[in-house]
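Visitor: Let me give you the structure first, and then I'll get to my questions.
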Amino acid sequence: MTENKLIIGTAPDSWGVWFPDDPKQTPWERFLDEVAESGYKWIELGPYGYLPTDPARLAEELKARDLQISAGTVFTAFHRGLDQWETAWEPARKVAELTAAMGGEHIVVIPAMWRDDVTGEAVESGTLSENAWSDLFTGHNRLGKTLLEDFGLKQQFHSHADSHVGAQEDIETLLGATDPQYLNLCLDTGHAEYCGASSLELIKNYPDRIGYLHLKQINPEILKKVNEENMTWAAANLAGVMTEPPNGLPDLRAVIQAVEALDRPIFGIVEQDMYPVAFDVPMPIAKRTRNYLLSCGSRTAVS
């Protein structure tokens, strides 16, 4: 990525993939075939183990379809204590090795949710103590430093519904207490909207901390119901809270134009949470979404 443009890509998530292996999910070969047919050039690894983990095999499969890797994804729970490093690092190392081997430059880091993402059951308190916040900051600074020094990869923190970092205040607290050399934002426009955060304000107020984008929209009518009924993320997802652009919020045209004004290369990866979904549903949505996003900016492309 040498030109100052927004590169549109997609992810297994847009094909309903949440887990390394699940019969409800699109087989990985079909996913890669349909991504290429939809006109995308860049993808994320998705959950480790969904795509082949042997670098030579994966490189061959990607080359055959003219695809490249933008990022891998890891999950952390540093707020639960400094001993969480050992739990987080081994899976993170595997993802980092594969991402780097494929030429990716980023690791998207998703914090643990306090409610289970499938059942909605609470697994811990939804609020953090001062010590827990401190442990979270320390863990992510260490992770970002290690990823950068050992693999040349950049940590992009992904705020998430039903996690402890979702609202505007949470995100700003995180940014204020972490080292920009080691942590920036994977600004997920859908999760920000879901949690009441403003993507445009974050871009305006923290331009140097926007390192990566996940582009998605929320159905405002369903979100209203979610908030009125205090629905879990699991229930909201099944209710269709994520919607196909340009039918929801935030205004992705405004977001893309704001990101283009940052005047540096950045990935904008399409994510539309659809697990579980019939296998024939994702590709038509992926094609329409790609075409819409490409119409939103003057320097937005797929490669």
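The values are calculated or read from the model by the stated rules, or taken from the named source; none is laboratory data. This is a predicted model, so every value here is computed, not measured. Glycine also receives a Cβ, built like all others from the backbone with ideal geometry; neighbour counts cover every protein chain displayed. Keep in mind that these areas ignore ligands, DNA and RNA; they rest on the heavy atoms of the full protein, side chains included. Shrake-Rupley method; radii C 1.70, N 1.55, O 1.52, S 1.80 Å.
Visitor: Residues of region 246-301 being part of a loop (DSSP other than H, G, I, E, B), hydrophobic (A, V, I, L, M, F, W, C) and open to solvent by less than 20 Å² (accessible area, probe 1.4 Å), which ones?
Guide: Keep residues of region 246-301 that are part of a loop (DSSP other than H, G, I, E, B), which gives 246-248, 250-251, 261-265, 271-281, 295-299.
Applying the additional criterion that residues be hydrophobic (A, V, I, L, M, F, W, C) yields 261-262, 274, 277-279, 281, 296.
Passing the criteria: only Cys296.
Visitor: Looking at Glu169 and the list (1) open to solvent by 10 Å² or more (accessible area, probe 1.4 Å); (2) within 23 Å of Ala11 (Cα to Cα); (3) in a helix (DSSP H, G or I), which single condition is not satisfied?
Guide: (2) is the only condition that Glu169 fails.
Visitor: Touching a Pro at 6+ places or on another chain (Cβ under 7 Å) and within 26 Å of Arg288 (Cβ to Cβ), is that true of Tyr50? Explain how you work it out, then say what you get.
Guide: Values: touching a Pro at 6+ places or on another chain (Cβ under 7 Å): yes; within 26 Å of Arg288 (Cβ to Cβ): yes.
Yes, satisfied.
Visitor: Same structure again: Just to be sure I understand the filter: pairs with C-beta atoms under 9 Å, separated by 6 or more residues or on different chains, first member in region 290-303 and under 22 Å from Glu34 (Cβ atoms), second member outside any helix (DSSP H, G or I) and among the polar types (S, T, N, Q). Which pairs pass?
Guide: Arg290/Thr10; Arg290/Ser38; Leu293/Thr300; Leu294/Thr300; Ser303/Gln68
Visitor: Does Thr99 fit the bill of being farther than 21 Å from Ala197 by Cα, touching a helix residue (DSSP H, G or I) at 6+ places or on another chain (Cβ under 9 Å) and not aliphatic (A, V, I, L, M)?
Guide: Details: farther than 21 Å from Ala197 by Cα: yes; touching a helix residue (DSSP H, G or I) at 6+ places or on another chain (Cβ under 9 Å): yes; not aliphatic (A, V, I, L, M): yes.
Criteria met by Thr99.
Visitor: Give the residues of region 216-245 that are touching a residue at least 40 places away in the same chain (Cβ under 8 Å), assigned to a helix (DSSP H, G or I) and open to solvent by less than 10 Å² (accessible area, probe 1.4 Å), sorted by residue number.
Guide: Trp233, Ala234, Ala236
Visitor: Name the single residue, out of those in region 50-86 being among the β-branched types (Val, Ile, Thr) and crowded, with 19+ Cβ neighbours inside 10 Å, that is nearest to the chain's Cα centre (by Cα). Reasoning before the result, please.
Guide: The first filter runs over region 50-86 and keeps only residues among the β-branched types (Val, Ile, Thr), leaving 53, 69, 73-74, 76.
After this cut, where a residue has to be crowded, with 19+ Cβ neighbours inside 10 Å as well, the list is 69, 73-74, 76.
Working: Ile69: 14, Thr73: 8, Val74: 10, Thr76: 14 Å.
Going through the qualifying residues, I end up with Thr73.
Residue by residue, here is whether (1) in a helix (DSSP H, G or I); (2) surrounded by fewer than 14 Cβ atoms within 10 Å (Cβ to Cβ); (3) out of contact with any Lys or Arg (no Cβ under 7 Å at 6 or more places or on another chain) holds:
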{"residue": "Ile8", "(1), (2), (3)": "no, no, no"}
{"residue": "Asp13", "(1), (2), (3)": "yes, no, yes"}
{"residue": "Pro20", "(1), (2), (3)": "no, no, yes"}
{"residue": "Tyr48", "(1), (2), (3)": "no, no, no"}
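Visitor: Let me ask something additional. Read through the list (1) farther than 22 Å from Arg253 by Cβ; (2) not in a helix (DSSP H, G or I), then give the number of the only condition that Gly176 fails.
Guide: All conditions pass for Gly176, except number (2).
Visitor: What is the number of the single condition among (1) without any contact (Cβ under 8 Å) to a residue 40 or more places away in the chain; (2) acidic (Asp, Glu); (3) within 15 Å of Gly104 (Cα to Cα) that Asp21 does not meet?
Guide: (3)
Visitor: Go through the residues of region 118-129 one by one and say whether even a single one is among the hydrophobic types (A, V, I, L, M, F, W, C), outside any loop (DSSP other than H, G, I, E, B) and buried (at least 19 other Cβ atoms within 10 Å of the Cβ).
Guide: Let us first name the residues in region 118-129 that are among the hydrophobic types (A, V, I, L, M, F, W, C), namely 118, 122-123, 128.
Add one more test, that the residue is outside any loop (DSSP other than H, G, I, E, B), and what stays is 122.
Going one step further and asking which of them are buried (at least 19 other Cβ atoms within 10 Å of the Cβ), we end up with none.
Checked against the condition, which is being among the hydrophobic types (A, V, I, L, M, F, W, C), outside any loop (DSSP other than H, G, I, E, B) and buried (at least 19 other Cβ atoms within 10 Å of the Cβ), region 118-129 yields no hits at all.
Okay, residues lined up against (1) at pLDDT below 95; (2) under 18 Å from Val226 (Cβ atoms); (3) surrounded by fewer than 22 Cβ atoms within 10 Å (Cβ to Cβ); (4) acidic (Asp, Glu):
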residue	(1), (2), (3), (4)
Gln156	no, no, no, no
Ser163	no, yes, no, no
Leu175	no, no, yes, no
Thr178	no, no, yes, no
Leu183	no, no, no, no
Leu187	no, no, no, no
Gly196	no, yes, yes, no
Leu202	no, no, no, no
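Visitor: I'm told Phe151 meets every condition in (1) more than 30 Å from Met102 (Cα to Cα); (2) touching a helix residue (DSSP H, G or I) at 6+ places or on another chain (Cβ under 6 Å); (3) open to solvent by 30 Å² or more (accessible area, probe 1.4 Å) except one. Can you identify the failing condition by its number?
Guide: With (1) more than 30 Å from Met102 (Cα to Cα); (2) touching a helix residue (DSSP H, G or I) at 6+ places or on another chain (Cβ under 6 Å); (3) open to solvent by 30 Å² or more (accessible area, probe 1.4 Å) applied to Phe151, the lone miss is (1).
Visitor: May I ask you to list the residues in region 148-162 that are within 15 Å of the chain's Cα centre (by Cα) and either over 18 Å from Thr138 (Cα atoms) or of a type outside the set (A, V, I, L, M, F, W, C) (or both)?
Guide: If we filter region 148-162 for residues that are within 15 Å of the chain's Cα centre (by Cα), which is where we start, we get 154-162.
Answer for region 148-162, where residues must be within 15 Å of the chain's Cα centre (by Cα) and either over 18 Å from Thr138 (Cα atoms) or of a type outside the set (A, V, I, L, M, F, W, C) (or both): Lys154, Gln155, Gln156, His158, Ser159, His160, Ala161, Asp162.
Visitor: Tell me which residues, restricted to region 24-46, are among the small types (Gly, Ala, Ser) and surrounded by fewer than 18 Cβ atoms within 10 Å (Cβ to Cβ). Working first, answer last.
Guide: Our first condition is that a residue be among the small types (Gly, Ala, Ser); within region 24-46, this holds for 36, 38-39, 46.
If the condition is that a residue be among the small types (Gly, Ala, Ser) and surrounded by fewer than 18 Cβ atoms within 10 Å (Cβ to Cβ), then Ala36, Gly39 are the ones that fit.
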